[in-house]
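The values are calculated or read from the model by the stated rules, or taken from the named source; none is laboratory data. All figures in this text were calculated on a predicted structure; none of them were measured in a lab. Note that each Cβ is placed from the backbone with ideal geometry, even for glycine, and that neighbours are counted across all protein chains shown.
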């Protein structure tokens, strides 16, 4: 009997030791670990939960977990508990919670059912990790990407990225308009297919990989309706954070108006040169006319003087 009691005491001591060890693990965790009944009443609350949510254990034990619900998702916890009661698990679910001070934080949540030895659901365990800073950083990245995209789309110049194999990887709306081809159909096609001289286009982006960039590279884009647009391309390679070459970024400047202005100017110059030539010829003709008229006047005057002399001689 004494031996049996000794074994029982040993078992109880080991059990208590295990429980203490588990309690130490829970309390030492950086994650907020909360125990609750299947109905959502808080039964345990570790130190990290205090730090994360601002409530001490004495303030929340016995209260519904809904005290942490954010106003934007008031019924979310009820739906989570319904899933747990139906035997589901929730893993790495990103959501928001409200701290005691009213601040809304972002968390990654894992929720699991707790069963007794008979397989009955006796509680619910939730582990939450504060990801507010990561979420804020992700939002900044998304905002920066959206801002960059808005600048690209706002450009009146066709912009395109090209893979080392010469395939289009992205375009802006200006490229869609100048080619008449939708973005999803442009992506994955050969960059050189949209020019009157595909070979020259291929040579252009290949030069970028050799030289690092090209400037004012003349090409003519053909719209799917046959309209031609003269452009000057400026392109350079772009790299990832490890300095690996990802492809070519190219921007085209429509020089149609410039060419039209140059043609008009050249036509005007020819007209002015022709006009100057005509004015010069007119001046020469006027000088010739003056000389001719002068001679004729002198001849008339000479003839008159001769007639008068003849008349005087005959009278004498």
Residue among 214, 210 that is farther than 14 Å from residue 252 by Cβ and at pLDDT below 95: 210
Single match in 153, 88 (criterion: part of a loop (DSSP other than H, G, I, E, B) and surrounded by fewer than 17 Cβ atoms within 10 Å (Cβ to Cβ)): 88
Yes/no for residue 106 being in contact (Cβ under 8 Å) with a residue 12 or more places away in the chain, under 30 Å from residue 47 (Cα atoms), surrounded by 15 or more Cβ atoms within 10 Å (Cβ to Cβ) and in contact with a helix residue (DSSP H, G or I) (Cβ under 7 Å, 6 or more places away or on another chain): yes
Odd one out for residue 109 among (1) outside any strand (DSSP E or B); (2) outside the structural domain of residue 207 (by TED's automatic domain parsing): (1)
Residue identified as more than 30 Å from residue 52 (Cβ to Cβ), surrounded by 10 or more Cβ atoms within 10 Å (Cβ to Cβ) and in contact with a helix residue (DSSP H, G or I) (Cβ under 8 Å, 6 or more places away or on another chain) among 161, 169, 179: 179
Qualifying residue in segment 129-148 (condition: within 30 Å of residue 234 (Cα to Cα), in a loop (DSSP other than H, G, I, E, B) and within 22 Å of the chain's Cα centre (by Cα)): no
Pairs with Cβ under 7 Å, 6+ apart, first in segment 125-145 and surrounded by 17 or more Cβ atoms within 10 Å (Cβ to Cβ), second at pLDDT 90 or above and assigned to a helix (DSSP H, G or I): 128/52; 130/52
Scope segment 31-48; condition free of Cβ contacts under 8 Å to residues at least 60 places away in the same chain and within 18 Å of residue 111 (Cβ to Cβ); matching residues: 39, 41, 42, 44, 45, 46, 48
Residue list for segment 68-92, restricted to those being touching a residue at least 12 places away in the same chain (Cβ under 8 Å) and within 17 Å of residue 103 (Cα to Cα): 68, 69, 70, 71, 72, 73
